[in-house]
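Structure record follows, encoded as structure tokens.
The values are calculated or read from the model by the stated rules, or taken from the named source; none is laboratory data. It should be emphasised that the depicted structure is a prediction, and the values quoted were computed from it without experimental measurement. As a convention, Cβ positions derive from the backbone with ideal geometry for all residues, glycine included, and neighbour counts pool all protein chains shown.
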Amino acid sequence: MPDPASNGNGRHELELAQPKHGTRGTEPGPRGCWAIKHSGEPCGAAARRGQDFCGAHLGLGVAADPRRYQPLATAAAKANAGRRAQLRASLGLTRRHSTRDLLKAEVFRERERVVAAAMSPIRDSGLGSVARHRAALELLETVEPVTKIELDVELPVDEQGVERLSLRELEALHERGAF
């Protein structure tokens, strides 16, 4: 009876290890894993030390039981999406792909340099004091604009105008915010 490990001409060939997932390729992928993915491409992952395959094709970690880890991955994805949404809301980003939102996000990333650039005219001793004061006032107006409220109120005006109102009536109008 012929030996099952024999190739028919009397020589014995070693049986090559097979991956737990996918199939073994004829040569290693770019980083050493010998497995062929389901798509037919060689695996691009690094092979584990002393092994022919990466951890996923050996069935280690998540690859050992993907169904067990799937709910954990879903929960983590939801948590990450919530954190991203909270960050977008705190930055005031409403449309994720508008130029303004991209600029806001970039300004947030570079906030220390943006603040330093905004403060540079104020700190520049080469500028005159008037120019530094103007820069400071413009920066304050930009950062914390003055709130202005206008109110239009019809005053009881006749031929004599407001002069006919007593001091008390004028103060009452003032307290109500009429002027």
Residues of region 26-61 classified as under 14 Å from Leu16 (Cα atoms) and surrounded by 15 or more Cβ atoms within 10 Å (Cβ to Cβ), total: 8
Yes/no for Arg83 being at pLDDT 85 or above, surrounded by fewer than 15 Cβ atoms within 10 Å (Cβ to Cβ) and either in a helix (DSSP H, G or I) or among the small types (Gly, Ala, Ser) (or both): yes
Residue in region 106-124 that is in contact with a Leu (Cβ under 8 Å, 6 or more places away or on another chain) and either closer than 22 Å to Leu87 by Cα or loosely packed, with under 11 Cβ neighbours inside 10 Å (or both) present: yes
Some residue of region 159-176 being surrounded by 11 or more Cβ atoms within 10 Å (Cβ to Cβ) and at pLDDT 85 or above: no
